[in-house]
Every structure is written in structure tokens, then in C-alpha cells.
Amino acid sequence: MGTDDSRFFAGVASSEINIPRYARGYIGMDHGFVDFLKILYPFKIVHPLTIIIPNLLGICFIPYFTYRLSFHLTNNLKVSRLSFLLVVICPVILSNGLILMRDGWVAFLSIAGVFYLLNRNNKSFIIILIILFLVRPGSAILLLLAPVFYFKKSILKGNNFNKIPKVVLVFSMVAVLLYLMLPFLTEYLAVKGLDSFERAGFVETTIKKADAGSIIYKIYTLPIYLKIPIGFIFFLFLPFFQGEFYTLNILNIRTIMFSTIMPILSLFYFKYFFSGVVYMYQRNEKEMKLFFYLFCFFLLIISQASIQPRHKTALMPFFYILVAYGVHNGNSSSKAFGTFVFVFLFVIQFYMALF
């Protein structure tokens with residue numbers, strides 16, 4: 001078990017027998033996810049597997065909601081079935097969801113929340129939102145902002161609103177919501193070491209201590225006008241190929257899936273991802289464009305407020321819907337652009353793997 005795994009296990013364990021020595025300071029810790037796990041399994045917990053197995057419910061329903069949301073957006077069974085399959089075999093979801101962590105639950109609750117939002121099932125959306133606040137408040141805040149992207153003109157009075165560019169209207173509403181939530185946001189982000197949209201404390205302690213020469217450390221010490229766009233692009237293309245198989249001389253399947261298998265698959269995924277994006281703009285697919293904007297917004301916030309690659313797990317179902325859309329929709333120009341991206345990323349991955 002990793003560090004965070006051990007801490008959560010220490011928080012729910014009924015005895016100290018199987019708690020690693022370095023995690024015993026977290027016995028009985030006060031944490032929303034710990035409370036959630038105790039609700040999920042209100043019985044005696046003496047071994048990590050006792051709580052890991054029911055925790056796997058967090059990833060069981062991700063393929064189903066990915067399928068349903070994909071069909072809602074595209075009305076295409078082929079796209080829906082492919083997005084379902086891609087989620088089922090996703091190395092990122094498997095590597096971060098088959099352990100005692102929150103990432104699988106966040107991915108499930110996020111995709112389910114957006115599905116209920118688009119189907120106007122307000123009660124289910126609110127329930128999902130409440131659970132997500134318990135599991136990971138930061139992700140719940142993102143989901144809370146999702147409805148802003150789907151406000152309809154009909155809820156606004158007067159014709160003058162029709163003259164306002166949609167992007168201005170959306171960002172204005174986001175700004176109002178952020179202002180209203182500012183007291184909660186300030187307290188939560190302070191606990192997370194986030195200061196003025198810059199997680200300086202985390203960068204200068206954890207990341208610097210781990211590897212001060214790493215790409216991620218260099219990116220997040222850049223000026224903010226460079227850090228935001230470069231950080232967004234960096235997170236979009238994560239993970240990069242490393243070819244690591246062992247951790248402390250032990251075969252690490254999780255690392256293999258995340259750092260070896262996924263980067264190779266991503267070459268093909270991004271080919272169709274960008275092909276689909278080009279095609280949806282050529283065809284002016286409004287529903288898919290709006291969904292793409294939502295994906296980019298979520299990714300932008302996570303890339304700046306999280307700075308942890310595993311947190312991208314929550315966005316993988318969204319990503320696969322866009323990939324599946326690109327596989328089954330395209331023309332010569334969009335496919336050519338996708339092929340260009342494939343070659344470009346192959347060169348980048350090859351260079352990073354060797355140098």
C-alpha cells in the first residue's frame with residue numbers, strides 16, 4: 001500500500017495489527033473519505049482487502065454512465081459502445097481505482113453527475129454532488145460549476161441577453177459562483193496549500209523534494225502567464241512514457257499500467273481525440289463542443305490546483321467519449337490532423353524516453 005492508501009486504512013481500521021508503522025499517526029483521523037468508507041462498510045475492518053474490495057464499487061459504474069452520457073451526446077451506439085470499452089480497459093482508471101483511494105469514486109461521481117445534469121435529473125445530481133463533497137470537496141466544486149455551461153437562453157429575460165457572447169456569459173456566471181463560494185474555497189484551498197491559484201507550498205516541498213529537476217517542477221515554478229497554459233498542455237498529455245517496472249525491486253503493476261502501457265495507447269487515443277475535435281468544429285456540433293469546453297475547463301482547474309497526475313483519473317471517462325467520437329466521426333482533413341498529432345506525440349515520447 002502507498003502512503004495515502006495506508007493513511008485511509010489507518011483511519012478506518014478496527015485494530016492496529018495491519019497498519020504500517022509510518023501510518024499509525026493517522027489512526028482515527030478526521031476525513032470525509034474516511035467517514036464515507038465507514039458508511040460504505042460499517043463492519044469490523046482488520047485488513048486492507050476488507051475495505052479495498054467494497055471500495056471497488058467506485059469504478060464499477062463508470063463504464064455504464066460513460067455509455068449513457070456518450071449516447072445522450074451523440075445518439076450513436078457505436079460511439080457509446082466504444083467509449084464503454086475504452087473505460088473498461090483504461091490503465092489510468094485501473095491503476096488508480098483498484099486501490100484504497102478516492103480517484104475511482106471521483107471519476108464515477110463526476111461522470112454520473114454530468115449525465116444527470118444533462119438529463120435534467122436534479123434530485124440525482126444533488127445527491128451525487130453531496131456524496132462528492134464528502135469524498136473530495138475540490139472535485140465537488142468543479143461539478144457544482146458544470147451547470148454554468150448548460151444554462152439555456154430561455155431562463156434569461158429579454159432579448160439583450162442574446163447579444164452577449166456566450167463565452168462572456170459563461171465566465172461571468174462562473175465568477176459569480178466563485179465569489180459566492182469564496183469563504184468555503186479560501187478555507188479548503190488553504191488546507192491544500194493553494195495560494196492565489198498557485199499551489200506554491202506543494203511545489204516547493206513535495207515536488208521539489210521528490211525531484212527538483214523534474215519537468216513538472218520546472219513548469220510550476222514558471223511565471224503564472226506561462227505556468228497556466230503549459231501546465232494545461234502538460235496535464236492533457238499525461239502520462240509520459242517511462243518504462244518503469246520495479247519499485248524497490250518489486251514488480252509494480254500499477255506503475256506499468258500508468259507509465260508504460262497508457263502512454264503507448266495515448267498515441268492512438270490522441271490521434272482520434274484531435275481528429276474528433278476538428279470534425280466537431282467543422283460540423284458545428286454544438287452539443288459536443290459544449291462538452292469539450294467542459295472537459296477543458298475541468299482539466300484547466302485540475303492542472304493548476306492539483307498538480308498530481310493521478311487526479312486526471314476523474315476526467316478519463318470524458319476523454320474517452322471524445323476519443324470514441326473521433327473514431328466514428330471524421331473526414332480527410334480531420335483525420336490528417338489526427339495523424340499529424342500522432343506523429344508529433346510519438347517523436348516527443350521517443351525523445352523523453354531516451355533523453
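The values are calculated or read from the model by the stated rules, or taken from the named source; none is laboratory data. What you see is a predicted model, and the numbers here were worked out from it, not measured in a lab. A quick note on method: Cβ atoms are made from the backbone with ideal geometry, for glycine too, and the neighbour counts reach across all protein chains shown. Calculation scope for accessible area: heavy atoms of the full protein, side chains included, ligands and nucleic acids excluded. Shrake-Rupley method; radii C 1.70, N 1.55, O 1.52, S 1.80 Å.
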> Taking segment 325-355 only, how many residues are open to solvent by less than 40 Å² (accessible area, probe 1.4 Å), of a type outside the set (Phe, Trp, Tyr) and farther than 21 Å from Ser95 by Cβ?
Replying inline: 6
> What residue, among those in segment 1-14 that are among the small types (Gly, Ala, Ser) and open to solvent by 30 Å² or more (accessible area, probe 1.4 Å), is modelled with the lowest pLDDT?
Replying inline: Gly2
>> Among the residues of segment 232-258, what is the count of those that are assigned to a helix (DSSP H, G or I), at pLDDT below 90 and open to solvent by less than 70 Å² (accessible area, probe 1.4 Å)?
In response: 1
>> Being of a type in the set (A, V, I, L, M) and surrounded by fewer than 20 Cβ atoms within 10 Å (Cβ to Cβ) is the filter here; which residues of segment 68-98 pass it?
In response: Leu77, Leu85, Val88, Ile89, Leu98
> Can you spot a residue in segment 307-329 that is within 17 Å of Leu236 (Cα to Cα) and in a loop (DSSP other than H, G, I, E, B)?
Replying inline: yes
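I'd like the full set of residues that are β-branched (Val, Ile, Thr) and not in a loop (DSSP other than H, G, I, E, B), limited to segment 3-23.
Across segment 3-23, the qualifying residues are Thr3, Val12.
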> Can you tell which of Gly32, Gly28 is more than 30 Å from Phe291 (Cα to Cα) and either without any contact (Cβ under 8 Å) to a residue 24 or more places away in the chain or surrounded by fewer than 18 Cβ atoms within 10 Å (Cβ to Cβ) (or both)?
Replying inline: Gly28
> Mind checking which residues of segment 279-298 are open to solvent by 40 Å² or more (accessible area, probe 1.4 Å), touching a residue at least 12 places away in the same chain (Cβ under 8 Å) and either within 13 Å of Val323 (Cα to Cα) or polar (S, T, N, Q) (or both)?
Replying inline: Gln282
>> I'm trying to understand the selection: among the residues of segment 22-59, which are among the hydroxyl-bearing types (Ser, Thr, Tyr) and either modelled with pLDDT of 90 or more or within 17 Å of Ile128 (Cα to Cα) (or both)?
In response: Tyr41, Thr50
